[in-house]
Amino acid sequence: MDAHAVPVAANPKLATGPIVLLGAPGAGKGTQAKQIAVHFGIPQVSTGDLLRDHVHRNTPLGQQAQAIMGRGELVPDQLVCDMVGQRLAEPDCARGFILDGFPRTVGQAHWLDGRLQAGLLRGKPAEKVPLLVIDIAIDHALLVERLTARRTCPQCGAIYNLHFNSPRQPGVCDVDGAALITRKDDREEVIVERLKTYERETLPLTDYYQKCGTLRRVDGGGTAEQIALAIRDLLEHRGG
Ligand code: AMP
């Protein structure tokens, strides 16, 4: 599909509340988060993007994070939580936000629970919608293949895949014409580490949120459109 096949106009009256997208690297969190963000008119908060921006700007956080990310490991909870805390305090997050790549550890999930309980959202009480966690479940055998074929636009963040969502002109972003890149951590040896890290640190979160009753699953093996429809359906019929 077109990476920016878009969108029904955002519905500013719908209080979307906080949404977490869980899933292994390559499950399609980034692609889906962008669509949900446009559809519901809420910001996508991607910790990977925020960290890459810090690395790009060579901030103290970026300097600490760069080597860790290059190895496919996780940046320490405290650093990531502080960064997310600052982002979620911005006014555009008041009606809801979609977290993409956060939380990634049980410690981060506890931190998020604490922030939500403390009334992190700045909207009116009627707009306070409980957390919804959507796990994009996918067969791990598909992930390495997907990640090695991923290309991203360094300008606008559009995500392509050489197998099933290639740009119209090879190597060039459909949206802004920038030269597409392969993320440094999408090399096979780093991918293997990222998947191990996911299984060790992040997979336990599905149990955690299952016990909290906030977890919903969608099948990540379908096309991006099928996954997007399943997620939209969940969000529009969630009740509460
Ligand atoms: P992503 O773009 O979500 O795949 O993230 C890229 C890299 O950024 C990860 O492999 C981690 O090194 C780091 N990272 C992103 N989100 C987090 C997080 N919530 N906690 C720790 N490290 C993170």
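With each run of n ≥ 4 DSSP H residues scored as -39500 (n - 2.57), what mean residue ellipticity at 222 nm is computed for the chain after dividing by its residue count and rounding to the nearest 500 deg cm²/dmol?
Dividing the helical sum by the residues of the chain leaves -12500 deg cm²/dmol.
With a ≥ b ≥ c the root eigenvalues of the C-alpha gyration tensor of the stretch 160-240, is it rounded (a/c under 1.5), prolate (a/b larger than b/c) or oblate?
Oblate, since a/c reaches 1.5 and b/c is not below a/b.
With a ≥ b ≥ c the root eigenvalues of the C-alpha gyration tensor of the chain, is it rounded (a/c under 1.5), prolate (a/b larger than b/c) or oblate?
It is rounded, given that a/c, with a ≥ b ≥ c, falls under 1.5.
What accessible area per residue, rounded to a whole number of Å², is obtained for the stretch 21-177 using a probe radius of 1.4 Å?
Per-residue accessible area for the stretch 21-177 comes out at 45 Å².
Got a number for carbon plus sulfur as a percent of the stretch 87-240's accessible area, 1.4 Å probe?
Its accessible area is 52 percent carbon and sulfur atoms.
Just how many pairs of Lys in the chain have C-alpha atoms closer than 26 Å, counting pairs that are eight or more places apart or on different chains?
The number of close lysine pairs in the chain is 15.
The values are calculated or read from the model by the stated rules, or taken from the named source; none is laboratory data. Computed from a prediction, not measured in an experiment: that's the story for all the values here. Ligands, DNA and RNA are stripped out before the accessible areas are found, and what is left, the full protein with its side chains, is counted by its heavy atoms. Shrake-Rupley method; radii C 1.70, N 1.55, O 1.52, S 1.80 Å.
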